[in-house]
């Protein structure tokens, strides 16, 4: 069975915004998902945030089109009352990071992929960059 990887917002932004030097590793993760070698899990918050930034830089229709195509490669995590409650009572300094973390746990992800390891210092899940994950497989 393929590993379930939770993608933090910055990784999705690297991919869809083609942000160098981070684009290639994020694109390689997308390729692994396309080949069914990994499952990518993304929170609804990431879709909203990425849409916001892409719409500002590339226009609304381009942003939505990129997100539509990306949606084919990933599963959307659920945010519900329980996740919000856990995030509100967690040791995470940043509420959005807490929501992301509890989405990852709830979705039974095995690894969190992010460029901001420090945001997940309270994580019980392994936290890796896209590059670190790719080197490990």
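With respect to the conditions (1) more than 15 Å from residue 26 (Cβ to Cβ); (2) out of contact with any helix residue (DSSP H, G or I) (no Cβ under 6 Å at 6 or more places or on another chain), residue 90 falls short on a single one, namely (2). Residue 83 meets the conditions (1) without any contact (Cβ under 8 Å) to a residue 40 or more places away in the chain; (2) part of a strand (DSSP E or B); (3) touching a helix residue (DSSP H, G or I) at 6+ places or on another chain (Cβ under 7 Å) in every case but one. The failed one is (2). When the residues of segment 86-114 are filtered to those that are surrounded by fewer than 17 Cβ atoms within 10 Å (Cβ to Cβ) and part of a loop (DSSP other than H, G, I, E, B), which remaining residue is farthest from the chain's Cα centre (by Cα)? Here the residue is 89.
Summed over segment 18-39, residues that are crowded, with 19+ Cβ neighbours inside 10 Å and over 13 Å from residue 75 (Cα atoms) total 5. Taking segment 53-85 as the range and being surrounded by 16 or more Cβ atoms within 10 Å (Cβ to Cβ) and in contact with a strand residue (DSSP E or B) (Cβ under 7 Å, 6 or more places away or on another chain) as the test, the residues that pass are 73, 74, 77. Mind listing whichever residues of segment 38-80 are outside any helix (DSSP H, G or I), within 23 Å of residue 129 (Cβ to Cβ) and without any contact (Cβ under 8 Å) to a residue 60 or more places away in the chain? Correct list: 38, 39, 40, 42, 75, 76.
Taken together, the values in this text are just the output of simple stated rules run on the coordinates, not laboratory data. Every value quoted in this text rests on a predicted model; they were computed, and no experiment measured them. So basically every Cβ, Gly included, is an ideal-geometry build from the backbone, and we count neighbours across all protein chains shown.
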